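Taken together, the values in this text are just the output of simple stated rules run on the coordinates, not laboratory data. These figures come from a predicted structure and were not determined experimentally. Here the Cβ positions follow ideal geometry from the backbone for every residue, glycine too, while neighbour counts run over all protein chains shown.
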Amino acid sequence: MKELKSAKKWLASYGQADSAVADLEVLMEFFDAGEVSEEELDAKYNDCLALIDDIEFRSTLNKPEDELSCVIEINAGAGGTESCDWSAMLYRMYQMWAERNGYKVSQINYQAGDVAGIKTAELEVQGDYAYGLLKGENGVHRLVRVSPFNAQGKRMTSFSSVFVHPLIDDRIEIDVNPSDLEWDTFRSSGAGGQHVNKTESAVRVRHLPSGIVVECQQERSQHQNRDKAIQLLKSKLYERELERQMVEKSKVEATKMKNEWGSQIRSYVLDDRRVKDHRTGYQTAQTELVLDGYLDEFLKAFLMNKSADSSNGDAD
């Protein structure tokens, strides 16, 4: 049913674009006859261009994992309270982007900072192509601003790392041996009411062969958290397998990926009113809009740039 739904969506997009181009051709005939203005023709042309650009953009999401939901993991870097506050700003930014685009968002793990913000947090974003759209957010995000936590009003630089993991579903099978798992339970932290905070409903699982550790405190019951933790563990094992295949396929491309993974990918300079992606060169002066979740142009620029690089590599 999911495959059928995806195919119907592509056909509907094509049909919409095809119909718009046909209308444009008719409008061109009316323009030649002097029955419509150049402004009307330009407006229709721009509508057609936007539809075709959107199809071209979404055609970059052609990997099996691109269609999946995802988990966004945010970790504060060096910088104490300032970095924890920056992590909370990123958390809010992704939450607002997801809600604006019709995705279901839920909190999986949340560890508050000592004074403000968060040390680490994980958001689950459920919906078609969530991973494909957000996978370019992997990396270090840099904030430059006049700090509200500094009495002298100094300009401070903070770093937070973002990791986006595909959340596998029943279309992808991952076998996990129960004897390879080591479980712990603990009390949940943060909001959630008396039941959540007074019972050991949160779980932590360690996959011994890989060393991967997953924590989950999203649900009210330990049983539900165990199920979610297994799903997250399988997702991370799947992601690791994708990375292994990439290394085998191309040593050069694997090196490029590793450099991007741990490097500064985007700078948010609030006092100069500039947000710039260092991989694509795309930037905007609308810093407030970006922090309110208007990320689509950054996501599109990354995916289109990556698609162009792939095409050039194939040509070489």
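Can you tell me which of 264-276, 156-168 comes out highest on packing, and rank the rest after it, using the mean Cβ neighbours within 10 Å? It would help to have the intermediate numbers written out before the result.
Details: 264-276: 16.7, 156-168: 21.0.
Averaged packing, sorted descending, gives the order 156-168, 264-276.
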Round to the nearest 0.05 the FRET efficiency obtained for Val176 and Trp10 when R0 = 41 Å and r is the Cβ-Cβ distance. 0.80
For the stretch 2-58, the charge dipole (Cβ of Lys, Arg +1; Cβ of Asp, Glu -1; about the Cα centre) points to a positive end, and the Cα of Leu11, Ala43, Phe31 closest to that extreme belongs to Leu11
Out of every Cα-Cα pair in the stretch 2-58, what percent are more than 15 Å apart? 54
Other-chain or far-sequence residues with amide H under 5 Å of Gly127's (modelled H): Ser69, Cys70
Distance in nm between pseudo-label sites at Arg187 and Ile52 (7 Å out along the Cβ direction from Cα): 6.2
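Could you list, in their original order, any pairs among Lys5/Lys44; Lys2/Lys276; Lys2/Lys228; Lys2/Lys119 whose Cα atoms are separated by more than 31 Å? Before the final figure, lay out the partial values.
Numbers: Lys5/Lys44 29 Å; Lys2/Lys276 36 Å; Lys2/Lys228 21 Å; Lys2/Lys119 36 Å.
In this structure, Lys2/Lys276; Lys2/Lys119 lie more than 31 Å apart at Cα.
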Note: the chain, point scatterers on Cα, Debye, no solvent; log10 I/I(0) at q = 0.15 Å⁻¹ equals -1.34
FRET efficiency, 1/(1 + (r/R0)^6) with R0 45 Å, evaluated for Glu39 and Lys119 via beta carbons: 0.25
Taking only Cα atoms and a 10 Å spring cutoff, compute GNM fluctuations for the chain and point out the largest among Gln16, Gln126, Gln286. Gln16
With +1 at each Lys and Arg Cβ and -1 at each Asp and Glu Cβ, the charge dipole magnitude of the chain around its Cα centre, to the nearest 20 debye, comes out at 1940
Here the relative contact order (percent) of the chain, from C-alpha pairs under 8 Å and at least 6 apart, is 17
Apply the membrane-span-like helix rule to the chain: whole DSSP H runs, Cα extent along the own long axis of at least 20 Å, mean Kyte-Doolittle hydropathy at least -1.0. List the helices found. 2-32, 38-58, 81-100, 296-315
